[in-house]
Amino acid sequence: GLFVWHLKNTGIRQIPCQFVHLCRVANDRLITFQYFNFLKRMYVTQYNKDLSQRAKPKSDSVASPFCELQQFDQEKKVIHKIRPVLPVHQPLSETPSRNALRQMKSAAKTEDSVTPVKAESKDHKQWKEMKLRLDDLPGILARLSKIKLTALVVSTASAGFAMAPVPFDLTCFLLASLGTGLASCAANSINQFFEVPFDSNMNRTKNRPLVRGQISPLLAVCFAASCGVPGIALLTLGVNPLTGALGAFNIFLYTCCYTPMKRMSIANTWVGAVVGAIPPVMGWTAATGSLDAGALLLGGILYSWQFPHFNALSWGLREDYSRGGYCMMSVTHPGLCRRVALRHCLALIGLSMVAPVLDITTWTFPVISLPINLYISYLGFRFYRDADRSSSRKLFFCSLWHLPMLLLVMFTCKKSFLEKEDKGDLLGGNHGRAMEIRLP
């Protein structure tokens, strides 16, 4: 009985160990998920040997007008063959290895044949030789001389000539306009010659002719000399020496003072305003031959107008100016930039009030010009208050039509030469009558 009891106890104790052993044996003999997945991959690779992957070609891009040979850049349809995965236990045969070597050799040959063409096309894009044609030369020289700015300079000089209280002389007017335009072309060309390394860093000026290499620096200097020398000679000999001296001084001030000061101090804005104020003074001196109060008034109007015009323009180009290394108020002193613009907007109202006092216009001029002066002052106040890109753009575009409108109103309200002559004769007659009374 004791022996039977001992066997029962030992059997009950060994039951858990035997159960764990049976589970291990069953797990080793059963098919697991990983083993089933491996068998499935082997089946797919053996019975589906024609599996392939196709690369979808890119859509044709829009042809660029500056690039040629676009057909070499088009992507070709390439089919890459996927070799079947051989089982681990199966020995590698010689046939697949030979086929793989052949495919690798053919692919290397095709890559060697396509790569030079692509490299050629890429080099062709980057290093395209720019040839100067005679048909393109007038447009290049027009951009070199900043033809739009030159047209504005000539128009302000013409306004100064028209406002002068003398009879209109057509020959003198044409000579003065031509000489002023040639002097402006020379100054702008020299300015671009000096600023090539700085213009290349700015988005606004990186397409200028000297930056892109469309014209050589020697040709640009020769063009500036061929414009500046005849222009100053025409103003000096054809008009009068005073106008020629003002033209030469303006070229010197723009090229030798304003241009280097743009990278040194914010005072360049005030110097540039003086440069822009001289052309109407030149028009007045071309007509009268002397510097009068009317010439200074016209110069003062152009001087004050340039601050809201340029400060609003430079506010939207702050990133470009800082990238080019220019020291502008909008970059270094943004608060001063907005205050100066508003200050000179209000100064235009005061200058318009001075015109009839100096006997240049009638008293209707300050009344008629008051609405447009108040409007640009309102936009200057908005620019000072908001200091955003929208307000600066509105002030800039307003300045584009404000100046021609103001000069036109000033010309229509100009006092005629006959009225001044009659007034002078009347004063002279009264003076003679008084002298007659005093005589015994």
Residue 301 modelled with pLDDT of 95 or more, in the same structural domain as residue 375 (by the TED database) and in a helix (DSSP H, G or I): yes
Residue count, the stretch 315-342 (criterion: surrounded by fewer than 21 Cβ atoms within 10 Å (Cβ to Cβ) and small (Gly, Ala, Ser)): 4
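From 323, 338, grab the single residue that is in contact with a helix residue (DSSP H, G or I) (Cβ under 6 Å, 6 or more places away or on another chain) and closer than 28 Å to residue 205 by Cα.
On the way: 323 fails: in contact with a helix residue (DSSP H, G or I) (Cβ under 6 Å, 6 or more places away or on another chain).
From the options 323, 338, the qualifying one is 338.
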Qualifying residue in the stretch 264-282 (condition: farther than 22 Å from residue 308 by Cβ and among the hydroxyl-bearing types (Ser, Thr, Tyr)): no
Helices (runs of 4 or more DSSP H) (entirely within the stretch 195-269) containing at least 1 residues that are among the polar types (S, T, N, Q) and surrounded by fewer than 21 Cβ atoms within 10 Å (Cβ to Cβ): 217-233
Verdict on residue 365 being in contact with a Leu (Cβ under 8 Å, 6 or more places away or on another chain), surrounded by 14 or more Cβ atoms within 10 Å (Cβ to Cβ) and touching a residue at least 40 places away in the same chain (Cβ under 8 Å): no
Residue list for the stretch 323-341, restricted to those being closer than 12 Å to residue 311 by Cβ and either in contact with an Asp or Glu (Cβ under 7 Å, 6 or more places away or on another chain) or not β-branched (Val, Ile, Thr) (or both): 328, 329, 330, 333, 334, 335, 336, 337, 338, 339, 341
Every pair of residues 6+ apart whose Cβ atoms lie under 9 Å, when the first sits in the stretch 307-332 and is within 14 Å of residue 389 (Cα to Cα) while the second is among the hydroxyl-bearing types (Ser, Thr, Tyr) and open to solvent by 40 Å² or more (accessible area, probe 1.4 Å): 331/322
Flag if residue 290 is touching a residue at least 40 places away in the same chain (Cβ under 8 Å), open to solvent by 10 Å² or more (accessible area, probe 1.4 Å) and more than 30 Å from residue 176 (Cβ to Cβ): no
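The values are calculated or read from the model by the stated rules, or taken from the named source; none is laboratory data. For clarity, every value in this text was computed on a predicted model and none was experimentally measured. All Cβ positions, even for glycine, are placed from backbone atoms using ideal geometry, and neighbour counts span all protein chains on display. Keep in mind that these areas ignore ligands, DNA and RNA; they rest on the heavy atoms of the full protein, side chains included. Shrake-Rupley method; radii C 1.70, N 1.55, O 1.52, S 1.80 Å.
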